[in-house]
Amino acid sequence: MNSDIAEGKWKQLKGKVRESWGELTDDDVDEIAGRKEHFVGKVQERYGMKKDEAEKEWDKLSDS
């Protein structure tokens, strides 16, 4: 997936992330910027999830 497509999809997903992951700040969401590794790290940090659980949550978001 090229960076333009990823960026466009991220803009669509931002709202879902903010709704589903309320403990993530706007700065966190901006830092994630559509990158799975950053999402996983932030979710682990804020929610105490295991890495594989956070990756599954990313997959759910990106599939929707």
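The values are calculated or read from the model by the stated rules, or taken from the named source; none is laboratory data. Keep in mind the model is a prediction, meaning the values are calculated, not measured. To get the accessible areas, we keep the full protein, side chains included, count just its heavy atoms, and leave off ligands, DNA and RNA. Shrake-Rupley method; radii C 1.70, N 1.55, O 1.52, S 1.80 Å.
Laid out as a table, the results:
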item	result
Protein accessible area in the chain, 1.4 Å probe - carbon and sulfur %	44 percent
Probe 1.4 Å, accessible area per residue of the chain, Å²	68 Å²
Compactness index (Cα Rg / 2.2 N^0.38 Å), the chain	1.02
Order of exposure, largest accessible area first, which applies to GLU55, GLU19 with probe 1.4 Å	GLU19, GLU55
